[in-house]
1. Got a sec to turn the phi values of segment 181-192 into Karplus ³J(HN,Hα) couplings, 6.51 cos²θ - 1.76 cosθ + 1.60 with θ = phi - 60°, whole Hz, x for Gly and Pro?
2. Just report the Cα centroid separation between segment 393-412 and segment 68-102, whole Å.
3. Can you work out the accessible area per residue across segment 52-308, with the rest of the protein chains kept in place, probe 1.4 Å, in square angstrom?
4. For the pairs K265/K351; K311/K351; K109/K200; K109/K351; K38/K156; K156/K368, flag any whose C-alpha to C-alpha distance is greater than 32 Å.
5. Could you list which residues have their amide H under 5 Å from that of G380, counting only those 5 or more apart in sequence or on another chain, with H placed in the peptide plane?
6. Under the rule of at least 5 residues apart or a separate chain, name every residue whose amide H is placed under 5 Å from the amide H of I371.
7. Normalized C-alpha radius of gyration of segment 162-295, against 2.2 N^0.38 Å?
8. To the nearest 500 deg cm²/dmol, what mean residue ellipticity at 222 nm is calculated for the chain from DSSP H runs of n ≥ 4 alone, each contributing -39,500 (n - 2.57), summed and divided by the residues?
Amino acid sequence: MAQINDHYLKLQAGYLFPEIARRVNAFCEANPDAAVIKMGIGDVTQPLAPAIVKAMHEAVDEMANAETFRGYGPEQGYPFLREAIAKNDFQDRGIDVSADEIFVSDGSKCDSGNLLDIFGSDNVIAVLDPVYPVYVDTNVMAGHTGPADENGRYGKLVYMPVTAETNFEPAIPDQHVDLIYLCYPNNPTGTVASRETLTKWVEYAKEHDAIIFYDAAYEGFVSDPDVPRSIFEIPGARDVAIELRSFSKTAGFTGTRCAFTVIPKTLMGKTSDGQEKDIHSLWNRRHCTKFNGVSYPVQRGAAAAYSDEGKAQVQELVSFYMNNARLLREGLEAAGLEVFGGVNAPYVWVKTPDGISSWDFFDQLLEKSHIVGTPGSGFGAAGEGYFRLSAFNSLENTQTAIERIQKSLAVSS
Ligand code: MLT
């Protein structure tokens, strides 16, 4: 009989979002008339921007013609997209990233897990708590952790709690770590990191020869000019960081699939016998072996997000969701809840009322208000007592959800 990867058996319950979907489906089956509003998973609701749709249509037409048809593209992404990314997201903002340091992919979630292929198994790994569950689960799958304890925390991982008590600022570890996962604007708390905070992380990483996996999938939602949108805005970050970016949330590509990872050529790791080795060429080797690139029409669509028209239309989408975030924040505060995030990020992070548990609040909202959110404890032990609501929805649903929550809290108080 073939042997399985035993590490999978250490994983706690299901992946968070399928688990929520299971509970919601059971509720809907039992209550077929309930008009459930889903504010759980951060999935976009608005259609693709017209400039993107046009570029994708044109690309499909090219594929329909023998003269312009394309087969396999470059695994790392077409130059037209890599150059548009390098120019618009980095160089025009004074950030030193070149097109050949960009690897186009089908998603940041996939990249964050796949990156572990090129790192050894003895690294000490630090994550925030609460955390985007993929960072943890992929390390469990790769055998980088011990089993989970009664709080769901895995052995060998270094957890850095972020709660209202510490203003959602993780303490820099007082021990050595090799890999650090940071996500800003943060999923799930919707909070951001200041330039000073990121500078401390870069300094720590330099001192410890550590590498930061910087997930900036939500950078497009930052409106405060003082908040960094890229780790590479911080001097020295090119020597210590990998950045993950996505078209999913900003350009509405959750179903279209396009993202990219930036690996500076100056970033080094070390072999088991202590030799320096650049990470860029290792990732290139991995990418070319296991991935055949994102489809041509999708890359054309992503590139159109950088045209003048595309930029304006994508900004409209971002503003649309951020208006929902503002309404949520204000509406929940008016209902007497303590609310965090939602200013430079499309998530609001709410303290549950009267100290009830995250899953109890989940059940209460679902049963009384027919609203689905995400229990904070699903993101980690330090998320207990919090709840996440996503601004990715229609305006009408957002307004209805706020009214229902206000009503249900007024009744129960
Ligand atoms: C979330 O809700 O946290 C995200 O949609 C998950 C993801 O982007 O994979």
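The values are calculated or read from the model by the stated rules, or taken from the named source; none is laboratory data. Owing to the predicted nature of the structure, the values given are computational and were not obtained by experimental measurement. Side chains included, ligands, DNA and RNA excluded: accessible areas come from the protein's heavy atoms. Shrake-Rupley method; radii C 1.70, N 1.55, O 1.52, S 1.80 Å.
1. My calculation for segment 181-192 gives 9, 10, 9, 9, x, 7, 9, x, 7, x, 8, 10 Hz in order.
2. With segment 393-412 and segment 68-102 each reduced to a Cα centre, they are spaced 43 Å.
3. Numbers: 10540 Å² over 257 residues.
Accessible area per residue: 41 Å².
4. On the way: K265/K351 42 Å; K311/K351 35 Å; K109/K200 26 Å; K109/K351 27 Å; K38/K156 35 Å; K156/K368 40 Å.
From K265/K351; K311/K351; K109/K200; K109/K351; K38/K156; K156/K368, over 32 Å: K265/K351; K311/K351; K38/K156; K156/K368.
5. V131
6. Long-range HN contacts for I371: I37, L366.
7. Working: Rg = 15.8 Å, N = 134, 2.2 N^0.38 = 14.1 Å.
So the Cα radius of gyration is 1.12 times the expected 2.2 N^0.38 Å.
8. On the way: 11 runs with 139 residues, N = 413.
Mean residue ellipticity at 222 nm (helix-derived): -10500 deg cm²/dmol.
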